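Every number here is computed from the coordinates shown, using simple stated rules; none is lab data. None of the values given here were measured: they were computed from a predicted structure. Virtual Cβ from ideal backbone geometry, glycine too; neighbours counted across all protein chains shown.
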There are 2 protein chains.
Amino acid sequence: MINGHTEFIAHLGWPTHSFKAPMIYNPYFESVGINAVVLPMGCKPEAFTGVLRSLFTLENIRGALITMPHKVSVVDLLDEVTPTVKVAGSCNAVKRTADGRLVGDMFDGEGFVRGLLGKGLALRGASALVVGSGGVGSAIAASLAAAGVGTLALHDVHASTADALAARLRTHYPAIAVQTGSSDPAGFDLVVNATPLGMNPGDPLPVDIDRLDGRTFVGEVVMKSEKTAFLRAAEARGCRVQVGTDMLFEMIPAYLEFFGWPTASADTLRAVARLEY
Amino acid sequence: MINGHTEFIAHLGWPTHSFKAPMIYNPYFESVGINAVVLPMGCKPEAFTGVLRSLFTLENIRGALITMPHKVSVVDLLDEVTPTVKVAGSCNAVKRTADGRLVGDMFDGEGFVRGLLGKGLALRGASALVVGSGGVGSAIAASLAAAGVGTLALHDVHASTADALAARLRTHYPAIAVQTGSSDPAGFDLVVNATPLGMNPGDPLPVDIDRLDGRTFVGEVVMKSEKTAFLRAAEARGCRVQVGTDMLFEMIPAYLEFFGWPTASADTLRAVARLEY
């Protein structure tokens, strides 16, 4: 129940129609008695700079969730960002510090990594292939690096995109062996589809499935269906898998912590979410 | 349930703690299936200009409710205002037209007048004394003028405030007989307390109650208790009365119409409101 004590999180993007965060956070806030609300704010690119700065002059803003098309452009508007933001090249959460600075972090990859750790996957020193070096692939690579993987292989249909991500990783994580070029999944502890392949019926699989080992853990970012064709094929080869929506729910606790609220488990959040709405 | 299709009304003021509009509008929206929400936004004076302009660059803003301390300063930021705003010298509702202009209106007095009309009081040609020429007194005087009263007497402890309001009324409504100076309630069809007297225990009554005729209708803006001491004294002399919260509920239909939603009766709004929260 919104009243004069309610805080808000501005959920900035355009278009807003597919936003999911309000239906996850708001039922959770209600269920635990946090007087706050996530409100979608449809914001076109030309309006974004002015809107972001003005919103953070309000007294009851707790933070902002930043989504497309502002995840990249927001980075240059902030006073401080994490290494994850620098590697990912994008930011999806902003808060204001007590002294008025705007601080940004990036939790897409963090959600993915928390999901893996929760499933018992050991990431420290592990080898991972991330296919797709766009926004979400870069975010996952950044969070895998922060989680201490030993080897990171990157592949993108645009080689220069993967090479640019590799360069950022080498700058911020010089101890990690970063490779680019091949999408051969053989021999990795972890293989991640961070491409849109699987969104549409008839999409090819993102890697050569015949080269996938049964001991490899396979993760997916596509949320189109509970189990994509890629995940089903991986399971058929004996692989353990993580579905796309796990990333979504596992990143929420990280956001709650970032915004200074008590954390909650992804299971709790999933139980109260009303995504069917 | 807020989702990616939700529109919002920015409720701008500072402090926000006593805001009542969210607990009136939001339960109403929910009860009739309007996907919109009124959100309090705590805004200090130095931030207001930037915030107002930026918010109206958002795609899903339906309008803004403006309250203290911005009701006066907002007027100069708008492209178009009604005569009621010009006489009242303040504005509490802003919307954006299709061609991008910001238009303001003022409904405090409109709520008061709708309440009177709903109680069967004939205002056209009537004589009214409004005690208190501050924000709400000016708004009520402006709406009484728009409703066609014949005589308006104004009194304020600061004579120059009443004189300034009188001058604005004479400019916009030259046909109305505007008087200032006396607070003698004798002989008026309507007497309005638009001062804060009644907010605190032991406050003196706003007019000399012994001079109040039983045929006079008495209205009140103080919402501190259901019936203020002034209203109780007026009733004891046989007067019909209007309580402070009537103004609040009667103005909401006017806002709904202004923002382009289907209207509702004050009784409907009162039935679903959760002001006890």
request  = May I ask you to say which residue of A:V87, A:V131 is farther than 20 Å from A:P206 by Cα, touching a residue at least 40 places away in the same chain (Cβ under 8 Å), β-branched (V, I, T) and surrounded by 18 or more Cβ atoms within 10 Å (Cβ to Cβ)?
outcome  = A:V87
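Checking the conditions here, which among B:N35, B:N60 is surrounded by fewer than 23 Cβ atoms within 10 Å (Cβ to Cβ), at the interface with another protein chain (Cβ under 7 Å from one of its Cβ atoms) and either without any contact (Cβ under 8 Å) to a residue 60 or more places away in the chain or more than 21 Å from A:F48 (Cβ to Cβ) (or both)? Even if it seems obvious, please write down each step before you answer.
Numbers: B:N35 fails: at the interface with another protein chain (Cβ under 7 Å from one of its Cβ atoms).
Only one candidate qualifies: B:N60.
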message = assigned to a helix (DSSP H, G or I) and at the interface with chain B (Cβ under 7 Å from one of its Cβ atoms): which single residue out of A:M23, A:M41 fits that description?
response = A:M23
request  = Among what's in region A:68-84 and is touching a residue at least 40 places away in the same chain (Cβ under 8 Å) and buried (at least 19 other Cβ atoms within 10 Å of the Cβ), pick the residue that is farthest from the other protein chains (Cβ to nearest Cβ).
outcome  = A:T84
inquiry  = Of the residues A:T228, A:T245, only one is without any contact (Cβ under 8 Å) to a residue 60 or more places away in the chain, β-branched (V, I, T) and crowded, with 23+ Cβ neighbours inside 10 Å; which?
reply    = A:T228
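Would you confirm whether any residue within region A:47-55 is of a type in the set (K, R) and within 11 Å of chain B (Cβ to nearest Cβ)? Walk me through how you get there before you give the answer.
Quick first cut of region A:47-55, residues of a type in the set (K, R) only: A:53.
Imposing the further condition that a residue be within 11 Å of chain B (Cβ to nearest Cβ) reduces the set to A:53.
Taking every residue of region A:47-55 in turn, at least one turns out to be of a type in the set (K, R) and within 11 Å of chain B (Cβ to nearest Cβ).
Listed here are the residues, each with its yes/no results for (1) more than 14 Å from chain B (Cβ to nearest Cβ); (2) within 17 Å of A:I140 (Cβ to Cβ); (3) of a type in the set (K, R).
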{"residue": "A:Q179", "(1), (2), (3)": "yes, yes, no"}
{"residue": "A:R232", "(1), (2), (3)": "yes, no, yes"}
{"residue": "A:C239", "(1), (2), (3)": "yes, no, no"}
{"residue": "A:F249", "(1), (2), (3)": "yes, yes, no"}
{"residue": "A:V272", "(1), (2), (3)": "no, no, no"}
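If you check B:A147 against the conditions, is it surrounded by 18 or more Cβ atoms within 10 Å (Cβ to Cβ) and without any contact (Cβ under 8 Å) to a residue 60 or more places away in the chain? Can you show your working first?
Working: surrounded by 18 or more Cβ atoms within 10 Å (Cβ to Cβ): yes; without any contact (Cβ under 8 Å) to a residue 60 or more places away in the chain: yes.
Yes; evaluated as a whole, the condition is true for this residue.
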task = May I ask you to list pairs of residues, at least six apart or on different chains, whose Cβ atoms are under 7 Å apart, with the first in region A:253-264 being hydrophobic (A, V, I, L, M, F, W, C) and the second being in a loop (DSSP other than H, G, I, E, B) and surrounded by 14 or more Cβ atoms within 10 Å (Cβ to Cβ)?
result = A:A254/A:F107; A:L256/A:A264; A:W261/A:I34
ask   = Quick one: A:A162 ticks every box in (1) of a type in the set (A, V, I, L, M); (2) surrounded by 18 or more Cβ atoms within 10 Å (Cβ to Cβ); (3) closer than 22 Å to A:C239 by Cα bar one, so which box is it?
value = (3)
